[in-house]
Amino acid sequence: NMTGVTALTRIMQRKLTQVGGDPLYFSAKIGAFLSDADLTHVSNEVSFKPNCGYSNTLFCSPPEFIETLKASGVDLVELTGNHNNDLGSKFNTETIELYESLGWATIGGGLNTTDAAEPFIADTKNSKVAFLA
């Protein structure tokens, strides 16, 4: 399964705040569908940052919103969006390290240019699937 941009910021962040900050609000509606796949891809173009506030121009997600992605069965996070470093490379680095600690792969971005250029290749059901970003 693949999503479009999954950035939990701006309007999505505002909605999650309105529903009491429940990071499972969105995944309660689509998580079962997304996680019921051999591979689930999201394009998350923002980094997680403690005390992330709402902004129309500088994007981040509160760290607890990682639970939305976890409950959606994410395996692969695309980092090609242009907002991962909005609030500094420190938060982008910490976010990539968080994905790695969860066993998730990343494409289209990374801790260095070599990582960013690596394709993602999965062997699933006797087939190879490649992602380039």
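The values are calculated or read from the model by the stated rules, or taken from the named source; none is laboratory data. Note that the coordinates shown come from a computational prediction; the quantities given were computed from them, not determined experimentally. Every residue, glycine as well, gets a Cβ built from its backbone with ideal geometry; the counts of neighbours run over all protein chains shown. We work out accessible area using only protein heavy atoms, side chains counted, and drop any ligands, DNA or RNA first. Shrake-Rupley method; radii C 1.70, N 1.55, O 1.52, S 1.80 Å.
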Roughly to the nearest percent, how much of the accessible area of segment 2-44 is carbon and sulfur, given a 1.4 Å probe? 58 percent
Shape category assigned to the chain from the gyration tensor of Cα positions, a/c cut at 1.5: oblate
Area accessible to solvent at residue 38, 1.4 Å probe radius, in Å²: 90 Å²
Straight-distance crosslink candidates among lysines, where the alpha carbon sits under 16 Å from residue 70 and sequence neighbours closer than 8 are dropped: 29
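List the relative contact order of segment 12-103 as a percent without decimals, with contacts defined as Cα pairs under 8 Å and 6+ residues apart.
On the way: 126 pairs, mean separation 31.0, N = 92.
Dividing the mean separation by the residue count of segment 12-103 yields 34 percent.
Ignoring ligands, DNA and RNA, what accessible area per residue does segment 91-133 give at 1.4 Å, in Å²? Mind dumping the intermediate values first?
Working: 2690 Å² over 43 residues.
For segment 91-133, the per-residue accessible area is 63 Å².
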What order, most packed first, do the peptides 123-131, 27-35 have when packing is the mean number of other Cβ atoms within 10 Å of each residue? 27-35, 123-131
